[in-house]
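Single-structure report; data block below.
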Amino acid sequence: MKGIFKNKPRTPADVVRQARELLVYVDRGAAAAEPRETKRDEKMDELYRNLREMKSILYGDSESEPVAEACAQLTQEFFREDALRLVILCLPKLKLEARKDATQIVANLQRQQVQSRLIASDYLEANFDLLDILVAGYDDTEMALHYGAMLRECIRHQTVARYVLESEHVKKFFDYIQLPNFDIAADAAATFKELLTRHKSTVAEFLTKNYDWFFADYNSKLLQSSNYITRRQAIKLLGDILLDRSNSAVMSRYVSSKDNLMILMNLLRETSKSIQMEAFHVFKVLYATFAANQNKPPGIVSILVANRSKLLRLFADFKFDKENEQFEADKAQVVREIAALEPQT
């Protein structure tokens, strides 16, 4: 009779439900309170197996590709069972490899469609408080990279990006980007860039509404930071933001500010070639916008005329390490226009 009654293979939904039960066990503190260490270890190992199996279903393995129907079943059950909340809450209590598996699972699920819908977006829209936990994760050295990776994937959804931008959380990134831990600071910078570049209409609306405080902080905390890496990342991101067509109104306002021009001119004088080049890239486009303006702000004209000789000398020595025809043409155009600029009376 042996072998007649075989165990039924588990469905993706079964895997999620069992993982959820084990996550509830961890979340309620039952794992820590378990008097028998062997039983606790068995349950944690069972949870880790379930997480690995979910990851295998979503990503495939060395022997097989992921199956769309299985991925859809897993995705539907995962969000129906509120498993994302449990994963996020329990993540600090898992061992490192399990944290990595959980992070990859959450990342993958943001892209999974069920009946042509990204149900992760619908779920997060009803559970915005989870974003509060993910952002605050940057304050925890052990959890920052896991929560940061999850957060960036969640920001793929426009409603999530809008929530983070419109909350007080966005202001925290000016500090997170400058954390002493290089890996965490770089991760926060990547998330900040994603927030400010992925969803064009949302970003344009945010910058228009919050122009004053945002660029005041951006200038003082990032572009004028004492940290070289922060300045380099900030000038590159500034170019990505301002040179996007969706932000043309913001760029017109930015180029009309004397303070902004002075900061940009100081970045052109940096000893770092990479910062100089990124600053020039922004300067040339902003200058083109300024030059095309029939009603040039007198304050801007005065600064450019007063610093004309310094700018022309600076640009004369301005060179790429390798020959770059486009750069030379852009530089020549800027030099001609600055040389011909007349003071306004």
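The values are calculated or read from the model by the stated rules, or taken from the named source; none is laboratory data. Values in this document were obtained by computation on a predicted structure and should not be read as measured data. Neighbour counts are summed over all protein chains in view; Cβ atoms, including those assigned to glycine, are modelled from backbone coordinates with ideal geometry. Surface areas here come from the heavy atoms of the whole protein model, side chains and all, with no ligands, DNA or RNA. Shrake-Rupley method; radii C 1.70, N 1.55, O 1.52, S 1.80 Å.
With an 8 Å cut-off on Cα pairs and a minimum separation of 6 or more residues, tell me the relative contact order of segment 102-226 in percent. Please report the intermediate quantities before stating the final value.
Working: 106 pairs, mean separation 25.9, N = 125.
Over segment 102-226, the number comes to 21 percent.
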20 Å Cα-Cα reach of LYS319 towards lysines, excluding residues that sit fewer than 8 places from it in its own chain: LYS236, LYS273, LYS284, LYS310, LYS331
Helix-only CD estimate at 222 nm, as mean residue ellipticity for the chain, using -39500 (n - 2.57) per DSSP H run (n ≥ 4): -21500 deg cm²/dmol
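Relative contact order, percent, of the chain when contacts are C-alpha pairs under 8 Å separated by at least 6 residues? Present the calculation step by step, with values, prior to reporting the outcome.
Numbers: 311 pairs, mean separation 31.9, N = 345.
Relative contact order for the chain comes out at 9 percent.
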Residues of type aspartates and glutamates that LYS172 reaches as a straight line, Cα spacing below 12 Å, ignoring anything fewer than 8 places off in the same chain: ASP132, ASP139, ASP217
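Among residues other than GLU337 whose Cβ falls under 13 Å from its Cβ, what is the net charge (Lys/Arg +1, Asp/Glu -1)? Walk me through the intermediate numbers first.
On the way: positive: LYS284, LYS296, ARG308, LYS331, ARG336; negative: ASP330, GLU342.
Around GLU337, the charge tally is +3.
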Cα gyration tensor category, rounded, prolate or oblate, for the chain with a/c compared to 1.5: prolate
Computed Rg/Rh of segment 216-345, alpha carbon atoms with Kirkwood Rh: 0.94
Cβ-based charge dipole, the chain, positive-most Cα from GLN113, LEU151, ALA216: ALA216
HN-Hα J in Hz across segment 116-125 - Karplus 6.51, -1.76, 1.60, θ = phi - 60°, x for Gly and Pro: 6, 10, 7, 5, 4, 5, 4, 5, 5, 4
Cut-off 13 Å between beta-carbons: net charge of the residues surrounding ILE303, Lys and Arg +1, Asp and Glu -1: +3
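If packing is taken as the average number of other Cβ atoms within 10 Å across a peptide's residues, how do 60-73, 326-339, 266-279 rank, most packed first?
For the peptides 60-73, 326-339, 266-279, the packing ranking is 266-279, 326-339, 60-73.
So with the 1.4 Å probe, I'd like the accessible area per residue for the chain, rounded to whole Å².
On the way: 18050 Å² over 345 residues.
Using a 1.4 Å probe on heavy atoms only, each residue of the chain averages 52 Å².
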Sequence-distant residues sharing a close amide H with VAL114 (under 5 Å, placed H): ILE119
Rounded to whole Hz, the Karplus (6.51, -1.76, 1.60) HN-Hα couplings of segment 193-210, x for glycine and proline: 4, 4, 4, 9, 9, 6, 9, 4, 5, 5, 5, 4, 5, 4, 5, 5, 6, 10
Phi to ³J(HN,Hα) by Karplus 6.51 cos²θ - 1.76 cosθ + 1.60 over segment 168-174, Hz, x for Gly, Pro: 6, 4, 4, 5, 5, 5, 5
GNM flexibility winner over the chain from VAL24, VAL87, VAL106 (Cα, springs under 10 Å): VAL24
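Using the Cβ atoms and a cut-off under 11 Å, what net charge is assigned to the surroundings of GLY148, where Lys and Arg are +1 and Asp and Glu are -1?
So the environment of GLY148 carries a net charge of -4.
For segment 97-194, which whole percent of the accessible surface, found with a 1.4 angstrom probe, sits on carbon and sulfur atoms? Walk me through the intermediate numbers first.
Values: 1900 of 4110 Å².
Carbon-and-sulfur percentage of accessible area, whole number: 46.
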